Amino acid sequence: MRRADFLEIARAWEGTPYHDQARLRGVGADCIGFVVGAMQEATGRHIAAPMTYGRYAVPAVALQLIADSGEADEIKVADASPGDLLYMAIRRNPQHFALLLPEGWMIHCSEPAGVRVVPYAGWMRERTRHAFRLRFLED
């Protein structure tokens, strides 16, 4: 799938309300639920990701979730392109997922705002600890 097509799917989630451990466009999602839901919508297949996890993800668990899914490869944060998955620290450790958009923007789901497009700048950029390239995306 082309990156632009995937990002169009991700942007269709904008306005979805925040709901812990949900992943249904227009109904509710959390940060990983939004990403997994958009990936499932894009690929038409189930993405291996648990439905039960703590409110504040343990970094090792989240990184293992990505590795186990077989859907992404870690890349350098500096090499991230639109459509790549970002994993950032909100508190001390990484615990928040977002998708990079073109021209300095990202899309993510947070409480209480839900899924929205925001600038990828300031503390969001500074606290990005990992980036992943989704295997189903073509340049």
Residue set A49, A62; condition among the aliphatic types (A, V, I, L, M), in contact with a Ser or Thr (Cβ under 8 Å, 6 or more places away or on another chain) and modelled with pLDDT under 80; output residue A49
Does G83 qualify as being among the small types (G, A, S), assigned to a loop (DSSP other than H, G, I, E, B) and modelled with pLDDT under 75? no
With respect to A4, is the statement that it is surrounded by fewer than 20 Cβ atoms within 10 Å (Cβ to Cβ), over 15 Å from P112 (Cα atoms), of a type in the set (G, A, S) and out of contact with any Cys (no Cβ under 7 Å at 6 or more places or on another chain) true? yes
Subset of region 102-119 (residues that are crowded, with 21+ Cβ neighbours inside 10 Å and in contact (Cβ under 8 Å) with a residue 24 or more places away in the chain): I107, H108, C109, V115
Can you work out which of the residues in region 10-44 that are closer than 13 Å to R116 by Cα and of a type in the set (V, I, T) is modelled with the lowest pLDDT? V35
For residues that are closer than 19 Å to T43 by Cβ and crowded, with 16+ Cβ neighbours inside 10 Å, scanning just region 65-80, find the one that is modelled with the highest pLDDT. A72
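The values are calculated or read from the model by the stated rules, or taken from the named source; none is laboratory data. Keep in mind that this is a model prediction, so the values were computed, not measured. When we count neighbours, we look across all protein chains shown, and the Cβ atoms used for this are built from the backbone with ideal geometry, even at glycine.
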